[in-house]
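Please read the structure below before turning to the comments.
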Amino acid sequence: MMNEGVHFDLSFSSPFHLGFKLVSVNVSDIYAMGGRPLYVFLDLGLKADTDEPFLWDLYDGLSSAMELYGVKLLGGDLCGVRTDMVISATLMGAAGSAVLRSGASAGDRIYVTGSLGDSACGLEILKRLAPEELEKVRARRWDKAEPELLSSETHGMSRDISSPLLKRHLMPTARDSSLIGKHATSLIDISDGLFIDLLRVCDESGVGAMIRSKELPLSREMTQAAAEMGLDPFRLATSGGEDYELLFTLPREIPAAELGIAATCIGEITSEARAFVDEKGERHPLRGEGYQHFGDQG
């Protein structure tokens, strides 16, 4: 479920972005259990003044994502709302054997796919854009065939730095877990933040975790953009959320690289201790900082 004013801001996102993201984030939940997505049901709560072009643009985004993941639309519901828009997708998927959060054991290695903090950094860029720049971003669909609408610089940073970060936030792509699911002892997607989602695995598995800060996969674009905006890349990577990368554990004797899985080892599962080691080698408690659905988001 995505609620206007909570999960999206229409001054940042276009209807196309919303439709694409709605499907992606739900597909990610299927991948996060080692499954494959199959069918989707859509529920749309729209305001009375919603015009037809908005609805078709939203559907274009939904269709683009459904085509990407091979998902078929089976039905849903449409109703009116008095204030903020609500859009929701329910995904059905299948797995030969679902991978749960409860299977991690002491000694397992902890891996993440892709890079961390890009989406949160993209959101920070959006918050700083002038209205005319936001309109250009909302017009983009990040299709290879479409012309580049952004100027050579966005909020003072080069387009090649800002554009991929904006895309990661507005149109995230779920990570296929077909290879991971065959071997992982536990699996979750990073939707609310690395640390808070890792602690969910620890709680369900009854274990601890030791993370090495220097091993966190940070993109060049994120680290440079964060520096230019005066933000802490470590905080973006560990508590920013909405990366939709996969966090999983593997037995120590099965390295991810040998399985053909593109992922970074960031630490190990421990019996009890929950901590991260910083660049200086100092140990700090692992705290569940990240998005809280019913908490104070600051």
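The values are calculated or read from the model by the stated rules, or taken from the named source; none is laboratory data. Keep in mind that what you see is a predicted model, and the values were worked out from it rather than measured. Backbone-built Cβ (ideal geometry, glycine too); neighbour counts: all protein chains shown. Surface accessibility is based on the protein's heavy atoms, side chains included, excluding ligands, DNA and RNA. Shrake-Rupley method; radii C 1.70, N 1.55, O 1.52, S 1.80 Å.
Need one word for the range 90-140: rounded, prolate or oblate. Basis is the Cα gyration tensor (sqrt eigenvalues a ≥ b ≥ c); a/c below 1.5 gives rounded, then a/b vs b/c decides. Show your work: numbers first, answer last.
Working: a/c = 4.79, a/b = 2.09, b/c = 2.29.
Oblate is the answer for the range 90-140, as a/c is 1.5 or above yet b/c matches or exceeds a/b.
Find the accessible area per residue for the chain; the probe is 1.4 Å, ligands and nucleic acids are left out, and the unit is Å².
Working: 14110 Å² over 298 residues.
Per-residue accessible area for the chain comes out at 47 Å².
Report the extension gain between GLU228 and ALA98 in nm, rounded to one decimal, defined as 0.36 nm multiplied by the number of residues separating them, less their alpha carbon distance.
Details: separation 130, 0.36 × 130 = 46.80 nm, distance 4.22 nm.
Result: 42.6 nm gained on full extension.
Under unit Cβ charges (Lys, Arg +1; Asp, Glu -1), what dipole magnitude, rounded to 20 debye, does the chain have relative to its Cα centre? Numbers along the way, then the final one.
Details: 29 positive and 45 negative charges, 129 e Å.
Roughly 620 debye for the chain.
Stokes-Einstein at 4 °C, 1.567 mPa s, Kirkwood radius from Cα pairs: D for the range 153-298 in µm² s⁻¹?
78
Pull up the DSSP beta bridges for the range 160-298 and report the antiparallel fraction as a percent, rounded to 5. Could the numbers behind the result be given before it?
Working: 11 of 15 bridges.
In the range 160-298, approximately 75 percent of DSSP beta bridges are antiparallel ones.
How many Å³ per residue does the convex hull of the Cα positions in the range 42-129 occupy?
On the way: hull volume 18.2 nm³, N = 88.
Convex hull of Cα atoms, per residue: 206 Å³.
Could you tell me how many cubic angstrom of Cα convex hull volume the range 1-90 has per residue? Walk me through the numbers on the way to the answer.
Details: hull volume 8.0 nm³, N = 90.
It is 89 Å³ per residue.
Could you tell me the convex hull volume per residue, in Å³, taken over the Cα atoms of the range 204-268?
Working: hull volume 7.8 nm³, N = 65.
About 119 Å³ per residue, rounded to a whole number.
Could you pull out every residue, at least 5 positions away or on a different chain, whose amide H is within less than 5 Å of the one on SER177? Hs are placed 1.01 Å off N in the peptide plane, and Pro or chain starts have none.
none
Over the chain, what percent of the accessible surface lies on carbon and sulfur atoms, probe 1.4 Å?
Values: 7090 of 14110 Å².
Within the chain, the accessible surface is 50 percent carbon and sulfur.
Across 5 Å bins from the origin, how do the percents of Cα pairs in the chain run, short distances first?
1, 5, 11, 15, 17, 17, 14, 10, 6, 3, 1, 0
Taking amide hydrogens as modeled 1.01 Å from N in the peptide plane, which residues meet the under 5 Å criterion relative to PHE8, leaving out close sequence neighbours?
ASN3
Once Rh is set to the Kirkwood radius over Cα pairs, what Stokes-Einstein translational diffusion coefficient, in µm²/s, holds for the range 34-187 at a temperature of 10 °C and a viscosity of 1.306 mPa s? Intermediate values should be presented prior to the final figure.
Working: Rh = 18.7 Å.
Rounded, D is 85 µm²/s.
Pull up the cross-link candidates among the lysines for LYS21, meaning alpha carbon to alpha carbon under 27 Å and not fewer than 8 places away within one chain.
Straight-line reach from LYS21, under 27 Å: LYS47, LYS72, LYS127, LYS136, LYS144, LYS167, LYS182.
Straight distance only, please: which aspartates and glutamates reach the Cα of LYS214 with their own Cα at less than 13 Å, same-chain residues fewer than 8 apart left out?
ASP278, GLU279, GLU282
What's the FRET efficiency of GLU132 with LEU46 using the Cβ-Cβ distance as r and R₀ = 25 Å, to the nearest 0.05? Please list the in-between numbers first.
Values: r = 27 Å, r/R0 = 1.10.
Here the calculated transfer efficiency is 0.35.
Could you work out the helix-only [θ] at 222 nm for the chain, with each DSSP H run of four or more residues adding -39,500 (n - 2.57) and the total divided by the number of residues, to the nearest 500 deg cm²/dmol? Provide the component values of the computation, followed by the final result.
Values: 8 runs with 95 residues, N = 298.
Computed ellipticity for the chain at 222 nm equals -10000 deg cm²/dmol.
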